[in-house]
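Take a look at the structure set out below.
The values are calculated or read from the model by the stated rules, or taken from the named source; none is laboratory data. Keep in mind that what you see is a predicted model, and the values were worked out from it rather than measured. Note that each Cβ is placed from the backbone with ideal geometry, even for glycine, and that neighbours are counted across all protein chains shown. Note: areas computed on protein heavy atoms with side chains; ligands, DNA, RNA excluded. Shrake-Rupley method; radii C 1.70, N 1.55, O 1.52, S 1.80 Å.
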Amino acid sequence: MTTRTDGAGEEAVSRFVERFAAEMTAAGMQRMASRVFAALLASETASMTSAELAEQLRISPAAVSGAIRYLSQVSMVSRERDPGTRRERYVLHNELWYETFTRRDQTLTRWEKVLDEGAATLGTDSAAGRRVAETAEFFAFLHGEMAGIMDRWRAHKKAREV
């Protein structure tokens, strides 16, 4: 396990990792990806090797590989080489949550466009057309709110750093 310098015991860290991973799994994320993500989040350096992840989580290297593949595809982690070695280190992105929600914002925009087209195709005089139009309106609302939320987050973060 990655050495901790803040006094948190390995058992307590393991309980946290499993608890947070369970919450992410319940929200729809793949189980192994949730566990690997939570372990990286709880590590001091926000990075670990495959061997470190396998040891901490008591899973196979193949399970680590599959989880990392998923987390890489959704841009939650990246791979870096350990200097002077052939080992890869898996690293959480610096602005992880900001980047994740920004991508969600882009997804909302795409969904809104398709839903608007669907509402026009179905016709707003039909129940299906009205339902699709309302869904598009909801995503447009979320898109508008997301920009404000991200601005407030950046201001909050900056104020904390002072």
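Details
- Average accessible surface for region 1-140: 61 Å² per residue, computed with a 1.4 Å probe over protein heavy atoms with every protein chain in place.
- Applying both filters, DSSP loop and at most 11 other Cβ atoms within 10 Å, to the chymotrypsin sites (Phe, Trp or Tyr not before Pro) of region 60-128 eliminates every site.
- Of HIS143, HIS156, the residue with the largest accessible area leads and the full order is HIS156, HIS143 (1.4 Å probe).
- Charging the Cβ of each Asp and Glu at -1 and of each Lys and Arg at +1, and nothing else, the dipole of the chain about its Cα centre rounds to 340 debye.
- Near-label residues of region 100-120 by backbone N, under 13 Å of a point 7 Å along Cα→Cβ of PHE138: 112
- Within region 56-162, trypsin sites (Lys or Arg not before Pro) in DSSP loop having at most 16 other beta-carbon neighbours inside 10 Å: ARG58, ARG86, ARG87
- Taking the protein heavy atoms of the chain in the context of the full set of protein chains, the accessible area attributed to carbon and sulfur is 55 percent at 1.4 Å.
- Degrees between helix 10-26 axis and first principal axis of the chain (Cα, 0 to 90, nearest 10): 20 degrees
- Computed on the chain, with alpha-carbon pairs under 8 angstrom and 6+ residues apart, the relative contact order is 14 percent.
- Taking all protein chains together, VAL74, VAL91, VAL36, VAL114 sort by accessible area into VAL114, VAL74, VAL91, VAL36, largest first [probe 1.4 Å].
- Among PHE20, PHE141, the order of accessible area from largest down is PHE141, PHE20, computed with a 1.4 Å probe on protein heavy atoms.
- Acute angle (nearest 10 degrees) that the helix 96-122 long axis makes with the longest principal axis of the chain, alpha-carbon atoms: 30 degrees
- Note on the chain: with a GNM built from Cα contacts shorter than 10 Å, the maximum mean-square fluctuation among ASP82, ASP116, ASP151 falls on ASP151.
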